[in-house]
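I'd like to ask some things about the structure below.
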Ligand code: ATP
Ligand code: MG
């Protein structure tokens, strides 16, 4: 499928981040609804063409935990990526509607994100590099899908020249400029789970300001608000990572799981090891690509209700 800019009709703006803008669009020839991401990159045309070539690997990514890909092209100096539209949107947006997530959704998210990371790495040697709530999507059937992973070396390089690649979900070893491996994504998953469970931003501070976390979160009043992004990065490196406490009503399995994700690199398990953790004991082996039968109906019902709230209907 070769998509042309003029075949896409804008339906709705879905949001924009540091790197670009995402819109819900209709592809006229196929009548398919898609999500279109437009990224402006100040790079030579050869580099831009190289990015488009590299993005083609996404055609080969075929997993229920990875966003579907329709195609990418250059348009008026922008890189345009057409991907599957996921109807409930990203976890940061959902969090603003629902508040802290129930335990079965945290399990399902952890299981799906780890399965997606394992798929990308084992099949395509891709490290995600940007796991955070806005890059994890939920559909109204309850599927969790990863997007915005580092497929294109040139795209990563082009963005690394700016401050854009700096995220508060970055692991301490990455902030310190060490080698970056798949365990960096595990750290990011741990921070994300901490936030989605507690409703608190992991290293203090208010979202949207100096320390953007899950938007809509209040900073923990016990923790001083970081003065700047550099202050925050320094804290990630120097301070003890946050932890969930059983005394706040979390299960011991969840507390231990998050703690493992937030260990220093050498003690941190990799995704394969974490999939065997007792927090995920009710989920099948990742290769079977199934949601746990035990939670399937809870997950579906929860996702359906998110969609109903988004449409302004009462929950069921
Ligand atoms: P950053 O640029 O810092 O990574 P971000 O991930 O929020 O932040 P974008 O990747 O540009 O920025 O995405 C903007 C918003 O669009 C996301 O927050 C998400 O809610 C929405 N979005 C992205 N992809 C899709 C998709 N395939 N289906 C539905 N919504 C999407
Ligand atoms: Mg994104």
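Which one is nearest to residue 53 (Cα to Cα) among residues in segment 156-169 that are within 15 Å of ligand 2 (Cβ to nearest atom) and modelled with pLDDT under 90?
This residue is 156.
May I pose another question? Take the conditions part of a loop (DSSP other than H, G, I, E, B) and within 16 Å of ligand 2 (Cβ to nearest atom) and apply them to residue 86. Does it pass?
Here the answer is yes, as residue 86 does meet what is asked.
Among the listed residues 125, 53, identify the single one that is at negative phi, out of contact with any strand residue (DSSP E or B) (no Cβ under 8 Å at 6 or more places or on another chain) and either buried (at least 19 other Cβ atoms within 10 Å of the Cβ) or without any contact (Cβ under 8 Å) to a residue 60 or more places away in the chain (or both).
53
Which condition number does residue 108 fail, the rest of (1) outside any loop (DSSP other than H, G, I, E, B); (2) within 16 Å of ligand 1 (Cβ to nearest atom); (3) in contact with a helix residue (DSSP H, G or I) (Cβ under 9 Å, 6 or more places away or on another chain) being met?
With (1) outside any loop (DSSP other than H, G, I, E, B); (2) within 16 Å of ligand 1 (Cβ to nearest atom); (3) in contact with a helix residue (DSSP H, G or I) (Cβ under 9 Å, 6 or more places away or on another chain) applied to residue 108, the lone miss is (2).
Residue by residue through segment 153-163, note down the ones that are closer than 20 Å to residue 16 by Cα and touching a helix residue (DSSP H, G or I) at 6+ places or on another chain (Cβ under 7 Å).
155, 158, 159
Kindly provide the set of residues from segment 10-33 that are part of a strand (DSSP E or B) and within 16 Å of ligand 2 (Cβ to nearest atom), ordered by number.
13, 14, 15, 16, 20, 21, 22, 23, 24
Give the number of residues within segment 34-44 that are within 16 Å of ligand 2 (Cβ to nearest atom) and surrounded by fewer than 16 Cβ atoms within 10 Å (Cβ to Cβ).
Within segment 34-44, residues that are within 16 Å of ligand 2 (Cβ to nearest atom) and surrounded by fewer than 16 Cβ atoms within 10 Å (Cβ to Cβ) number 1.
Now for a separate question. Residue 97 - would you say it is buried (at least 20 other Cβ atoms within 10 Å of the Cβ), modelled with pLDDT of 95 or more, out of contact with any strand residue (DSSP E or B) (no Cβ under 6 Å at 6 or more places or on another chain) and assigned to a helix (DSSP H, G or I)?
No; evaluated as a whole, the condition is false for this residue.
Here's the yes/no breakdown for (1) within 16 Å of ligand 1 (Cβ to nearest atom); (2) without any contact (Cβ under 8 Å) to a residue 24 or more places away in the chain:
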{"position": "26", "(1), (2)": "yes, yes"}
{"position": "32", "(1), (2)": "yes, no"}
{"position": "36", "(1), (2)": "yes, no"}
{"position": "40", "(1), (2)": "yes, no"}
{"position": "73", "(1), (2)": "no, no"}
{"position": "81", "(1), (2)": "yes, no"}
{"position": "89", "(1), (2)": "yes, no"}
{"position": "99", "(1), (2)": "no, no"}
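Within segment 128-157, how many residues turn out to be over 9 Å from the mean Cα position of the chain (by Cα), within 14 Å of ligand 1 (Cβ to nearest atom), in a helix (DSSP H, G or I) and surrounded by 19 or more Cβ atoms within 10 Å (Cβ to Cβ)?
Residues flagged as over 9 Å from the mean Cα position of the chain (by Cα), within 14 Å of ligand 1 (Cβ to nearest atom), in a helix (DSSP H, G or I) and surrounded by 19 or more Cβ atoms within 10 Å (Cβ to Cβ) within segment 128-157 amount to 1.
To continue, here is another question. Assuming residue 48 fulfils every condition listed in (1) more than 10 Å from ligand 1 (Cβ to nearest atom); (2) touching a residue at least 24 places away in the same chain (Cβ under 8 Å); (3) closer than 30 Å to residue 290 by Cβ apart from one, which condition is it?
Looking at each condition in turn, residue 48 falls short on (3).
More than 16 Å from ligand 2 (Cβ to nearest atom), within 26 Å of residue 134 (Cα to Cα) and surrounded by 14 or more Cβ atoms within 10 Å (Cβ to Cβ), is that true of residue 7?
Spelling it out, it is not the case that residue 7 is more than 16 Å from ligand 2 (Cβ to nearest atom), within 26 Å of residue 134 (Cα to Cα) and surrounded by 14 or more Cβ atoms within 10 Å (Cβ to Cβ).
Any residue at all in segment 66-74 that's more than 20 Å from the chain's Cα centre (by Cα) and on the phi > 0 side of the Ramachandran plot?
For segment 66-74, residues more than 20 Å from the chain's Cα centre (by Cα) and on the phi > 0 side of the Ramachandran plot: present.
Name the one entry in 269, 242 that is touching a residue at least 12 places away in the same chain (Cβ under 8 Å) and over 26 Å from residue 143 (Cα atoms).
242
The values are calculated or read from the model by the stated rules, or taken from the named source; none is laboratory data. Since this is a predicted model, take the numbers as computed values, not measurements. We place every Cβ from the backbone using ideal geometry, glycine too, and count neighbours over all the protein chains shown.
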